[in-house]
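Visitor: Quick one: the structure is below, and I'll ask about it shortly.
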Amino acid sequence: MPVLEGLWGPDLRMRDAGLGVGVEAGVCPDEAPHSPVWGPLRTPPITCGGLSLALELPALIRQLRAAWRARRAGPRGPERSTWVESDKEEVEEVKQDIEDRSALLEADGRLNTGHAGVLLVERRGSYPLIDLRILKSNAQQGEVEAGRRKVKRQLSFQRYCHASRLLRGLVPHTPGSLHLLDDDYLGQAAHMLSKVGTWNFDIFLFDRLTNGNSLVTLMCHLFNVYGLVHHFQLDMIKLHRFLGMVQEDYHSQNPYHNAVHAADVSQAMYCYLKEPKLAEQLSPLDVFLGLMAAAAHDVDHPGVNQAFLVQTRHHLASLYQNTSVLESHHWRSTVGMLRESGLLSHLPADVSQDMEQQLGSLILATDISRQNEFLSTFREHLDNQDLDLQLASHRHFILQIALKCADVCNPCRVWELSKQWSERVCEEFYRQGDLERKFDMEISPLCDQQADSVPAIQIGFISYIVEPLFEEWHRFTKPSPLSRTMMGHLHKNKTGWSRLRHAHTPSDTQTHPHTGEPEPEGGGGGGGGGGGGKGEDIP
């Protein structure tokens, strides 16, 4: 048990001998079995579900420590009179443990074998580990930048701290835990959920009302709306645990690819699943897969694109042979969390494996490099009018298209929401560009804050990615009220970005390298080196 050994230290280890517990160092064998302290611990209450582990192990640890301290140093003075004092001591021990490990890891900047063994166990489904170690591929090939922040992200310290607190009996403040909110906030969140099927749903406000638990709260609600818990006989504890793991494995420091984006895509997916053309044909399995894929489609996203991972020779790029690197990692991470949570463990093996494969097919479809492949197939089906939603394969293809639409639907939202998303995704691009500039790498397209303004990026994105896809979706829905609403917002938002761009464009212009639109002389692309109208409200 490497995790327990790491927490208790090298001098005290618990070994499993059938159902008994013994002590290997410093405690006489003839005293341990007959001691009133050790007596009740003959059968450690550890279950595979983890529930009893979280509830019973803290008491076990306290008794082990009390016996060990009594044996080594004699009485430690008067017994602690309150639980508060006990908890304070536990907190200080956790803090000291983390600080010691942080100092050790920061000293050499890399994982040693012992730490890797512990952390891979605690990493849950996000395997292999995502890290942002930048390989200096020029003069100093193979050297690694290992600052404190990178080490902490690389080692997933938030998850390590959570696991330590859980095993030590402290209340974990994680997305998977029950969050305590004021009744007014809960009432407002519940009121918003009653309108979750409307297109102007404000996911930012919902995330604030749910104390940062928008993804878990939304998905649990949607599963209940569709009756998926009853249909698939899901364990609610396992479902909540799985969703909490997914939400936690999104990186909150990413401006765009975070759990709020996943919740936004899930809400959009729900709206598309309700389309009259589609709703009557979908099976419960289709709905389950569509919602699950939407929630997990970007899990553990590192905040950089595939080209960056390939250029820096990241291990994920090698693992997936430079093809759909991020999407493959999102899928494999999701499968790992499904298996660890045991959400589908009650289903036959062939059924659960088929569901995992279909989830992978949906998530892999979000690879933007395959946009033309899916778009041409979709257009061909619509031209030939040969889509038969009675066929499972055709329904699956439409789910792929729906997920692709949901993933890039931000320009189809109302201006106030669309503008926030646009600024967030551009900020993430600019951060990657700053990293590339810092390490003398070629700056990726759209990532140069001095040359690529927010309006210019959005105009190009709408023109070449969003409009062609949603025009075909508009044809597929024949068209529905929702589709008309989205196309209306899309055209208004594109006009708004054009106004913002031209408002900051001098009369003497040149062609922008990425969008083909006019650009200020010198490639500034927007006032203030890439601000490009950021902060202004032009509908």
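The values are calculated or read from the model by the stated rules, or taken from the named source; none is laboratory data. The structure displayed is predicted, hence computed values, not measured ones. Backbone-built Cβ (ideal geometry, glycine too); neighbour counts: all protein chains shown. Protein only, heavy atoms only, side chains kept; ligands, DNA and RNA dropped before computing areas. Shrake-Rupley method; radii C 1.70, N 1.55, O 1.52, S 1.80 Å.
Visitor: Once phi is turned into θ = phi - 60°, what whole-Hz ³J(HN,Hα) does the Karplus curve with 6.51, -1.76 and 1.60 give for every residue of the range 245-262, x standing for Gly and Pro?
Guide: Once θ is set to phi - 60°, the couplings for the range 245-262 become 5, 4, 4, 5, 7, 7, 8, 5, 7, 6, x, 10, 7, 9, 5, 5, 4, 4 Hz.
Visitor: To continue, here is another question. With each pseudo-label sitting 7 Å past Cα toward Cβ, what's the Ser393-Asp434 distance in nm, one decimal?
Guide: Reported label-point gap for Ser393 and Asp434 is 4.9 nm.
Visitor: In whole angstrom, how far apart do the alpha carbon centroids of the range 201-226 and the range 420-463 sit?
Guide: 29
Visitor: Rounded, prolate or oblate, given the Cα gyration tensor of the range 324-385, with a/c below 1.5 counting as rounded? Don't skip to the answer; put the middle values down first.
Guide: Values: a/c = 4.99, a/b = 1.86, b/c = 2.68.
In terms of gyration-tensor shape, oblate.
Visitor: For the range 309-412, what does the relative contact order come out to in percent, with C-alpha contacts under 8 Å and a separation of six or more? Numbers along the way, then the final one.
Guide: Numbers: 50 pairs, mean separation 24.0, N = 104.
Contact order relative to length: 23 percent.
Visitor: Please give, to one decimal in nm, the separation of the simple spin-label points placed at Glu280 and Arg313, each 7 Å out from Cα toward the Cβ.
Guide: The answer from the label model is 5.9 nm.
Visitor: Also, I was wondering about something else. Under the rule a/c < 1.5 gives rounded, and otherwise a/b versus b/c splits prolate from oblate, where does the range 270-309 land using the Cα gyration tensor? Provide the component values of the computation, followed by the final result.
Guide: On the way: a/c = 4.05, a/b = 2.85, b/c = 1.42.
The shape class here is prolate.
Visitor: In whole percent, and with a 1.4 Å probe on the protein chains, what portion of the accessible area of the range 205-266 is carbon and sulfur? Working shown, then result.
Guide: On the way: 1160 of 2100 Å².
Result for the range 205-266: 55 percent of the exposed heavy-atom area is carbon or sulfur.
Visitor: Starting from the 7 Å offset along Cα-to-Cβ, what nm value, one decimal, do you get for the label separation of Thr323 and Gln357?
Guide: For the pair Thr323/Gln357, the computed spacing is 1.7 nm.
Visitor: Let me ask something additional. Using the structure shown, select from Lys438/Lys492; Lys195/Lys419; Lys195/Lys478; Lys277/Lys419; Lys274/Lys404 the pairs with a Cα to Cα distance greater than 27 angstrom. Before the final figure, lay out each step's value.
Guide: Values: Lys438/Lys492 37 Å; Lys195/Lys419 22 Å; Lys195/Lys478 24 Å; Lys277/Lys419 30 Å; Lys274/Lys404 16 Å.
Pairs exceeding the cut-off: Lys438/Lys492; Lys277/Lys419.
Visitor: Quick one: check the C-alpha center-to-center distance for the range 245-276 versus the range 344-402, whole angstrom.
Guide: Going from one Cα centre to the other spans 19 Å.
Visitor: Once a ≥ b ≥ c are taken as the square roots of the eigenvalues of the Cα gyration tensor of the range 344-446, is the result rounded (a/c under 1.5), prolate (a/b larger than b/c) or oblate (a/b not larger than b/c)? Mind showing how you got there, number by number?
Guide: On the way: a/c = 2.19, a/b = 1.61, b/c = 1.36.
In terms of gyration-tensor shape, prolate.
Visitor: Can you compute 3J(HN,Hα) from phi for each residue in the range 349-356, using the Karplus curve 6.51 cos²θ - 1.76 cosθ + 1.60 with θ = phi - 60°, rounded to whole Hz and x for Gly and Pro?
Guide: Result, rounded to whole Hz: 4, 5, 5, 5, 5, 5, 5, 4.
Visitor: I would also like to ask the following. Calculate the FRET efficiency for Asp350 and Gln420 from the Cβ-Cβ distance with a Förster distance of 41 Å, rounded to the nearest 0.05.
Guide: FRET efficiency, Asp350 to Gln420: 0.40.
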